[in-house]
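Participant: What follows is a single structure, and I will ask about it in a moment.
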Amino acid sequence: MVTKDKVFVTSPSMPSYDEYIQMIKKIWINKMMTNGGELHNELERKLSDYLGVDSLALTSNGHSALEIALQSMELKGEVITTPFTFVSTTHAVVRSGLKPIFCDIKKSDYTIDENLIENLVTENTCAILPVHVFGNVCDVESIERIARKYSLKVIYDAAHSFGERIYGSSVLNFGDASAISFHATKVFNTVEGGAICTRDENLYNIMVQYRNFGIQDAENVSHIGTNAKMSEFHAAMGLCNLRHYEHERKKRKKIAEIYLECLDGIRGIKIPCYKEEITYNYAYFPIVIDKSIYGYSRDDVFEWLSKENVFCRKYFYPLTNSLECYGKDLSEQTPIAKEIANSILCLPLYADLDENSVMCICEVIRKRK
Ligand SMILES: *Cc1c(COP(=O)(O)O)cnc(C)c1O
C-alpha cells in the first residue's frame, strides 16, 4: 500500500483563500474586470522582470498564445514541428491554416532532432515550432542557424519552461517568439492563462492587438484577431502564486532529487539527466522503461502504481501525428518519437507531494527487478 489518498501526477499550486480574497478586493474598487486592468498590468510587469524578458503579453491561455504567435506573423505553408507534445501545439498550426511537418525527436531529451530538420525544409516551409518538452531546452543554436539559412521563423512552445534559464539567461529569449502556459496544471498558474514573449517590438505590438480582436484604436481594426485577454481575476491568482513560486520550485527540486537517488541504477529505467547550464523548474519527472532490459512494460508499471492509488500520466502518448482528427497515422515517420511515446511515464511531482509517497513509488518500481 503506497498511500491511502490518491496521488495524481500533479496538484495545482494555490495561495491561501484569504490571500486571494485580499488581492481581488482591488477589482471591486477599480470596477474593472478585464481589458488590461491594474492587476493584469502589474502581473505583466512582474513576470517580465522575474522571467528576464523584454516584453511579455499575457493571454487567456497557452494555446491562444501559440495561435497568436503563428497568426500575427502572417505565415503561410508548412511548419516543421514535433509530434511528441500536447495536442495544443499541432492544433495551433492546423487552426492557423498551416500544415504541420513532423520531425523526429532525440532519445536523449525528447526535443526535436535538430539534425533532421534540414531534410524536411521545402520551398513551402515558413517556420519551425519546437517544444522545450518537460523543460528540456531544445538545441536553440542549431535551430537558429537553420532558420537563418532558410529565412524561417522560429516559434517555441515554451509551455513547460516557466522560469527556466540557460547560462543564466531566460530560455524565452530564443527564436522570434515563445508561448508559455499558466494553466492550473503548470508550475506557475493563473487558473487558465498564458503569455507570449518576443524581442521584436513591432511584432509585440501586433500580438497585443491580436489578443483583443485586432483592434488598433477606437475606429481602426487592423487585424483579424481573436479574444485572448486575461481577466483581472486570473491575474490576481497569478500575482498571489508568483509570491510563492521560488519556494515551491525548491520543494519540487527536492522531490526530483529523491526520485533521482531512489531510481538510480535500476536497469532498464532511464531517469532525467539534468544539464549543468540549465536552471530547471522541475515540472515533470518522466522515466522511460526499456522492456527488453527491465522485463516489464510502461503499461505494467502504470497498472501497478494505479493499484496503489498512484495515477501517473503517459505523457506524451499518443503522438499528435497519429491522432484521428488529422486523418492519416503518420507516426511511422517518427520512429524515435513512437518508441518513446510507448515507453514513457510521468511520475507524480508537485510541491506538496510527501517524501514518503515518493519513496514508496520508487519501491514499487525497484522491487520488480
Ligand atoms: C499546456 C500546454 C499547452 C497549452 O497551454 P494551455 O494553457 O492549456 O492552453 C501547449 N503546449 C504544451 C506542450 C502544453 O503542455
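The values are calculated or read from the model by the stated rules, or taken from the named source; none is laboratory data. Everything quoted here is computed from the prediction, not taken from an experiment. Please note: Cβ atoms are built from the backbone with ideal geometry, for glycine as well, and neighbour counts cover all protein chains shown. In case anyone asks, the SASA skips ligands and DNA or RNA and just uses the protein heavy atoms, side chains included. Shrake-Rupley method; radii C 1.70, N 1.55, O 1.52, S 1.80 Å.
Participant: Select from the stretch 303-342 the residues that are buried (at least 21 other Cβ atoms within 10 Å of the Cβ) and polar (S, T, N, Q) and list them in ascending order.
Facilitator: Residues satisfying the conditions are T320, N321, T334.
Participant: In the stretch 152-163, what residues are away from the ligand (no atom under 14 Å from the Cβ) and not in a strand (DSSP E or B)?
Facilitator: L152, G163
Participant: Further, regarding this structure: Could you list, in sequence order, the residues of the stretch 343-364 that are in contact with a Cys (Cβ under 9 Å, 6 or more places away or on another chain) and either among the hydroxyl-bearing types (S, T, Y) or surrounded by fewer than 18 Cβ atoms within 10 Å (Cβ to Cβ) (or both)?
Facilitator: M359, E363
Participant: Turning to a different aspect of this structure: Filter the stretch 36-60 down to the residues that are more than 10 Å from the ligand (Cβ to nearest atom) and of a type in the set (S, T, N, Q) and list them by number. Before you say what the answer is, go through the steps one by one.
Facilitator: Filtering the stretch 36-60 down to residues more than 10 Å from the ligand (Cβ to nearest atom) leaves 36-58.
Answer for the stretch 36-60, where residues must be more than 10 Å from the ligand (Cβ to nearest atom) and of a type in the set (S, T, N, Q): N41, S48, S55.
Participant: H63 passes all but one of (1) within 16 Å of the ligand (Cβ to nearest atom); (2) touching a strand residue (DSSP E or B) at 6+ places or on another chain (Cβ under 6 Å); which number fails?
Facilitator: (2)
To keep it simple, each residue is scored yes or no on (1) within 18 Å of the chain's Cα centre (by Cα); (2) in a helix (DSSP H, G or I); (3) touching a residue at least 24 places away in the same chain (Cβ under 8 Å).
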position: R267; (1), (2), (3): no, no, yes
position: E276; (1), (2), (3): no, no, no
position: Y282; (1), (2), (3): yes, no, yes
position: E303; (1), (2), (3): no, yes, no
position: P318; (1), (2), (3): yes, no, no
position: K328; (1), (2), (3): no, no, no
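Participant: Give, as residue ranges, the strands (runs of 3 or more DSSP E) completely inside the stretch 164-253 that count at least 2 residues that are within 14 Å of the ligand (Cβ to nearest atom) and open to solvent by less than 30 Å² (accessible area, probe 1.4 Å). Don't jump to the end; show me each part of the working.
Facilitator: On the way: elements: 177-181, 194-197, 215-217.
Filter on the stretch 164-253 gives 177-181, 194-197.
Participant: In the stretch 124-136, which residue that is open to solvent by 10 Å² or more (accessible area, probe 1.4 Å) and either among the hydrophobic types (A, V, I, L, M, F, W, C) or away from the ligand (no atom under 12 Å from the Cβ) (or both) is nearest to I271 (Cα to Cα)?
Facilitator: For the stretch 124-136, the residue satisfying everything is F134.
Participant: If you don't mind, another one. Can you pull out the strands (runs of 3 or more DSSP E) entirely within the stretch 26-115 that have at least 2 residues that are in contact with an Asp or Glu (Cβ under 8 Å, 6 or more places away or on another chain), in contact (Cβ under 8 Å) with a residue 24 or more places away in the chain and open to solvent by less than 10 Å² (accessible area, probe 1.4 Å)?
Facilitator: 56-59
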